[in-house]
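*Asks:* First the structure, which I've put down as structure tokens, then a few questions once you've had a look.
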Amino acid sequence: MSQARVTYKPSEEVDFVIVGSGAAGGVLAKELSTNGFHVVVLEQGPYLREKDFTHDESKIFAQHLLTNHPETQPVTFRKSSADVAKKMPAVLYGNCVGGSSVHFTANYWRLHEIDFIEHSKTGDIPGANCADWPITYADLEPYYTKVEWEVGVSGLAGASPFDPPRTKPYPMPPLPVKGCGVVFERAARKLGYHPFPAPMAILSQARPGRSACENCGFCLGFGCEFGAKSSALASVIPMAEKTGRCEIRPNSYVHRIEVDKNGRVAGALYYDVKRVVHLQRAKAVILAANGAETPRLLLLSSSSQFPQGLANSSGYVGKNLMPNSNVVACGVFDEPLNDYKGFAVSRVMHDFYELDPKLGFHGGGGLDARYDFTPIAAALNGLPPDAPKWGADFKKMLRHNFTRTFEVFCHGTSLPVETNGFSLDPDVKDAWGLPALRMTFRDHPNDLKMMTWMKDRALEILDAAGARTKWSTPVVEQEFVVHLLGTCRMGNDPKKSVINADHRAHDVKNLFLCDGSSLVTSGRGQPTMTIQALAYRAADRITALARRGEISA
Amino acid sequence: MHSFQPARREFLQLLSGSAGAAWLAANWPALVSAAEHAHAAAASANPKLEVLTEEQARELDALTSRIIPTDDVAGAHEAGVIYFIDRALKTFAKEDLPSYQKGFPEVLGRTKKLFPGVASFSAATTDQQDKILADLFAESEKGDATRRLNPDAPQSSFVELLRIHTVFGYLVDPDGGGNRDYAGWKAIGRDPAHMFSPPFGVYDRDYPGWQPSPAETEKK
């Protein structure tokens, strides 16, 4: 039986208004409402549920159900400030209740200890703006565990010798192995590496109201109609609503954070679905809108009190974007793998997580064995670069390769570069007449070098696996990003960070930020696990501050 | 920007995990919107054309049938690709209609240049058709270099546009139009079922279960 949901009037001052209902916003909503606070979550996109998800790609993509709309919310891109930014779909994020966690791959690695202290270990890197985190892995470990158990992550503790310490095993076993996992595992071991079952935010065992994965194959890019993918929508948002103290308010396009004469935030201004403006009043505001929209909102909220943008006395809002470097190698095998079935990733390898700087670059990465081709993608770009593009030979190759191909996906470090990031486009507007998001980005040369090295290792593994044919995508500067990290970084120094270790804005006592923008380093990819662990920790910190009266005072 | 002309890099992103979803979200909505309209026509026993003339449809059928020919399994013809494209040109790919209007005469011109006695592409033998298409694709590839140097130029030739449209019409989910009766999916070995159980393929059949390698402990 469905439960009546609580609703609040915008004029009613709630304890917290949270902007964004994705991986972080969903966790914060659940935790804070569970802790007794009254919470309103404002979400740009619609409130879709499992029944709305389908294997029909047209239903999802034609109606823009899951992601930002390139026409109503245009993005512009340039490589440097010397260039004029051009409209292009350079950024993708979720635009529905649950955010990007609805359509993501669900690869759920923890960061390692090194990720929090890498700057101290490596020192300054020319052209990069590296820093240590104000917290350590040990601070975050209990929250990683909480993510795994509460949200639902499948995996095998201790399977990777490179894993950081953990206090509990995974709550459920890994998903079944796929053909790519078997072939990759055998080849990697032959070369002396240590592959392990992929930790995935996808249920291998059913939970109340949620099915275990049915291996439908429509995972990456799709909402899960079985509730098996552990999106915020499927996991924490129902818990938040069940408290009776949390309202999820969809189709609410926040465009400004209201500030009172004392420099404290008073609520969030948003357009409803009819484009009527409302002010949701709140004692405190938490931005969890993602690493692009959170800085955009702060910049949109500039005022005479905050001329550079809200919470931007450091000038760091929107800077240091780290989208994670990546490259893909593909191999074709003799027998059908049929890896179009099931979730995407089957095996992961972290032997390259901390590479020797003597190789000529810093950082490291992880490899995974996966298959995430749709039939059309396989036909147009899933064949070797020298494959025929049309005709009988094209069809013959497609028929042979589609079921026999898998990818070794290399994910790695992005170094923070101060000139990389998001700002407001001076010319292009969104459908609401607001300045569009402008992305300025050029990979640090270090990251391209590292990806070239990783690509060569991936091809070696495919060789050892017995691939009949193999190739890789080129290592090129990125012009399209989905990991939106580092753009309002946390830190102890208000001059070099936007928020403190409690996720509180240095400049505004009752404003908190928690999403990909909070990260100080990029890890080696797969950031959502860490974003959620940060959100659980932030909720604890914010709860403690509120209970001590340190937010409203 | 042509709604149906993904650049190579965008398709490379399709290979790369979440970026694939990104490309789809950015480029596919209009495509699949039209696919929905096309579905009814494609699924119908007597589909109707809404944009193309009978003559253009005959030429298009001949063209797409050489891009994805019929062999022992269905090709573009059996998948109803021309109906998918017809609806596309009425809806999401309206802006591509001029490319088709210009493209058909180009194909005819190339046909007559290479085979003077042949009245149309559809009237040519399949060998002749393949030679005409090869000639057009070779020219298109030369043009690619020019287009790369000038990003503001149209990003695709007619045959490249046609190739991409044909692949979409052949492989799009049938619920979205095209790929009639899963003809394309069946041809490439994609089981139309919506749920699967392991083992999925040959290599995972006899997998004994994950075991730590002897080297695990020495590494840490």
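Computed from the coordinates by the stated procedures, all read-outs in this text should not be read as laboratory data. Because the structure is predicted, anything quoted here is derived from the model rather than measured. Cβ atoms come from the backbone with ideal geometry, glycine included; neighbour counts cover every protein chain shown.
*Asks:* What whole-number distance in Å separates the alpha-carbon centres of region A:466-497 and region B:78-126?
*Replies:* With region A:466-497 and region B:78-126 each reduced to a Cα centre, they are spaced 42 Å.
*Asks:* Here's a follow-up. How would region A:375-495 be classified by its alpha-carbon gyration tensor: rounded, prolate or oblate, with rounded meaning a/c under 1.5 and the a/b versus b/c comparison settling the rest?
*Replies:* Taking the square roots of the gyration eigenvalues as a ≥ b ≥ c, region A:375-495 is oblate.
*Asks:* Given A:K86/A:K429; A:K79/A:K319; A:K396/B:K48; A:K86/B:K142, which pairs have Cα atoms separated by over 19 Å?
*Replies:* A:K396/B:K48; A:K86/B:K142
*Asks:* Provide the convex hull volume over Cα atoms per residue for region A:104-261, in Å³.
*Replies:* 223
*Asks:* Can you give the % of DSSP beta bridges in chain A that are antiparallel, to the nearest 5?
*Replies:* Here the antiparallel bridges make up roughly 70 percent for chain A.
*Asks:* Let me ask something else about it. I need A:T487, A:T122 ordered by Cβ neighbour count within 10 Å, fewest first.
*Replies:* The order, fewest Cβ neighbours first, is A:T122, A:T487.
*Asks:* For A:I18, what residues show an amide H to amide H distance below 5 Å, using hydrogens built from the backbone and excluding near sequence neighbours?
*Replies:* Amide H to amide H, under 5 Å and 5 or more residues apart or across chains, A:I18 pairs with A:V40, A:V41, A:L42, A:I286.
*Asks:* What are the residues whose amide H is under 5 Å from the amide H of A:V428, where those residues sit 5 or more places off or on another chain and H is modelled from the backbone?
*Replies:* A:A436
*Asks:* Given a Förster distance of 35 Å, report the FRET efficiency between A:F162 and A:Q205 from their Cβ-Cβ distance, rounded to the nearest 0.05.
*Replies:* Here the calculated transfer efficiency is 0.85.
*Asks:* Moving on. Hey, for a label at B:K48 modelled as a point 7 Å past Cα toward Cβ, could you say which residues of region B:170-187 have their backbone N under 19 Å away?
*Replies:* B:177-178
*Asks:* So, one more: Can you list residues from other chains, or at least 5 along the same chain, whose modelled amide H is less than 5 Å from the amide H of A:V259?
*Replies:* Result for A:V259 returns A:A266.
*Asks:* When the Cα atoms of region A:233-300 are enclosed in a convex hull and the volume is divided per residue, what value in Å³ results?
*Replies:* Expressed per residue, the convex hull around the Cα atoms of region A:233-300 is 112 Å³.
*Asks:* Going by how many other Cβ atoms sit within 10 Å of their own, how do A:M490, A:M529 line up, fewest first?
*Replies:* A:M529, A:M490
*Asks:* Further question on the same structure: Which lysines does A:K261 reach when only Cα atoms under 25 Å apart count, and residues fewer than 8 places away in its own chain are ignored?
*Replies:* Leaving aside lysines fewer than 8 places away in the same chain, those within reach of A:K261 are A:K9, A:K283, A:K495, A:K509.
*Asks:* To make sure I understand the rule: partners must be aspartates and glutamates, Cα under 16 Å from the Cα of A:K229, and not fewer than 8 residues away in the same chain. Which ones qualify?
*Replies:* Counting by Cα, and skipping residues close in sequence, A:K229 has these aspartates and glutamates nearby: A:E50, A:D52, A:E148, A:E150, A:E214, A:D372.
*Asks:* For each of A:C410, A:C219, count neighbouring Cβ atoms within 10 Å of the residue's Cβ, then give the residues from fewest to most.
*Replies:* Details: A:C410 31, A:C219 24.
Arranged by neighbour count, lowest to highest, A:C410, A:C219 become A:C219, A:C410.
*Asks:* If the chain between A:R5 and A:V276 were fully stretched, how many nm would it gain, using 0.36 nm times the residue separation less the Cα-Cα distance?
*Replies:* Details: separation 271, 0.36 × 271 = 97.56 nm, distance 2.27 nm.
Working it through step by step, the gained length comes to 95.3 nm.
*Asks:* For the peptides B:120-128, B:56-64, A:294-302, what is the packing order when you average, over each peptide's residues, the other Cβ atoms within 10 Å and list the highest mean first?
*Replies:* A:294-302, B:56-64, B:120-128
*Asks:* Would you mind computing the Rg to Rh ratio of region B:161-212 from its alpha-carbon coordinates, Kirkwood style for Rh?
*Replies:* For region B:161-212, the value is 1.21.
*Asks:* Evaluate peptide A:338-344: per residue, the Cβ atoms of other protein chains within 10 Å of its Cβ; return the mean as an integer.
*Replies:* Shielding by partners across A:338-344 averages 6.
*Asks:* How would you classify chain A from its alpha-carbon gyration tensor, with a ≥ b ≥ c the square roots of the eigenvalues: rounded for a/c under 1.5, else prolate if a/b is greater than b/c, otherwise oblate?
*Replies:* Here chain A falls in the prolate category.
*Asks:* Something else now. Using the basic label-point model (7 angstrom from Cα toward the beta carbon), what is the A:S302 to A:R541 distance in nanometres?
*Replies:* Result for the modelled spin labels: 2.8 nm.
*Asks:* Taking a cut-off of 29 Å between Cα atoms, list the lysines near A:K190, but don't count ones fewer than 8 places away on the same chain.
*Replies:* By straight Cα distance, A:K190 reaches A:K178, A:K341, A:K358, A:K449, A:K455, A:K470, B:K219, B:K220.
*Asks:* Here's another thing I want to ask about it. Would you please give the FRET efficiency between B:K186 and A:T419, computed as 1/(1 + (r/R0)^6) with r the Cβ-Cβ distance and R0 = 45 Å, to the nearest 0.05?
*Replies:* In this case the efficiency is close to 0.35.
*Asks:* Let me ask something else. Per-residue ellipticity at 222 nm for chain A, helices alone: DSSP H runs ≥ 4 residues times -39500 (n - 2.57), over residue total, nearest 500 deg cm²/dmol?
*Replies:* About -7000 deg cm²/dmol.
*Asks:* Mind giving me the FRET efficiency for A:K496 and A:A387? R0 is 51 Å, r the Cβ-Cβ distance, nearest 0.05 is fine.
*Replies:* 0.55
*Asks:* Taking 0.36 nm per intervening residue step and subtracting the Cα-Cα distance, what contour gain separates A:D260 from A:W149 on full extension?
*Replies:* Gain on extension, A:D260 to A:W149, equals 35.9 nm.
*Asks:* I would also like to ask the following. Working out 0.36 nm times the residue gap between B:H194 and B:L97, then minus their Cα-Cα distance, what length gain in nm do you get to one decimal? Mind showing how you got there, number by number?
*Replies:* On the way: separation 97, 0.36 × 97 = 34.92 nm, distance 3.50 nm.
Length gained between B:H194 and B:L97: 31.4 nm.
*Asks:* While we're looking at this one, here's another question. Please identify which residues in region B:64-101 have an amide N closer than 19 Å to a label point set 7 Å out from the Cα of B:K113, following the Cα→Cβ vector.
*Replies:* B:99-101
*Asks:* To continue, here is another question. Using a basic spin-label model with each label point 7 Å from the Cα along Cα→Cβ, how many nm lie between B:E139 and B:E55?
*Replies:* 2.0
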